[in-house]
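Here is the structure we will look at, set down as structure tokens.
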Amino acid sequence: MKPFVASSCLFFILISPDALAYSCSIMATPLNFGYVEDRPGHAQHSTATLTVVCQSDASPVSVNYQILFSDGGAGKRSMTGTHGEVGYQLYTTSSYQQVWGETADSAITDSYYLAAHTTESRSYTVYARIQPDRSMGTGQYAGMSSVRLMY
């Protein structure tokens, strides 16, 4: 019975080499709008950078991943300050058309070939905007968004 169990484990490892062939991590710079001004009709913008680092094991591999952001529920992102809340949104491009979210169709997806025993870093810009139709007091606000790397 023991030889059968060992063979089963070895077979499992052989049919799923990609699961063990590389690893990835993600780092982010802070997203800072600075001092938020109560100027209706004026959008405030900011950017941050996400860096994904992937490293291969002893064999070449095709790397595939998605970068997703939690939206705080129902597509709403907000920061809190002494004057209440102010809404903001994260986008995949500087045109502010595609919201960066937590589903595959609103995520950044990347794939590339990674040679054996190599490391590759790729950076992605997060575009953020406080909507111009806000009504809140001037001041400082803080919030948190969580990013998820799926590979």
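The values are calculated or read from the model by the stated rules, or taken from the named source; none is laboratory data. All values derive from a computational prediction rather than experimental measurement. Cβ: placed from backbone, ideal geometry, glycine included. Neighbour counts: every protein chain shown. Each accessible area value is taken on the protein alone, full model and side chains, heavy atoms only, with ligands, DNA and RNA left out. Shrake-Rupley method; radii C 1.70, N 1.55, O 1.52, S 1.80 Å.
Note on residue 111 and residue 47: with the Förster distance fixed at 30 Å, the Cβ-Cβ geometry gives a FRET efficiency of about 0.80.
Of the accessible area of the range 82-151, computed with a 1.4 Å probe over protein heavy atoms only, carbon and sulfur atoms account for 49 percent. Ranked by the mean number of other Cβ atoms within 10 Å per residue, highest first, peptides 84-96, 30-42 order as 84-96, 30-42.
Think of a 1.4 Å ball rolled over the protein heavy atoms: the range 37-151 then has 53 Å² of accessible area per residue. Would you report the distance distribution of C-alpha pairs in the range 83-145 as whole percents per 5 angstrom bin, up to the bin with the largest distance? Taking all Cα pairs of the range 83-145, the binned fractions are 3, 13, 19, 17, 15, 12, 8, 5, 3, 2, 1 percent.
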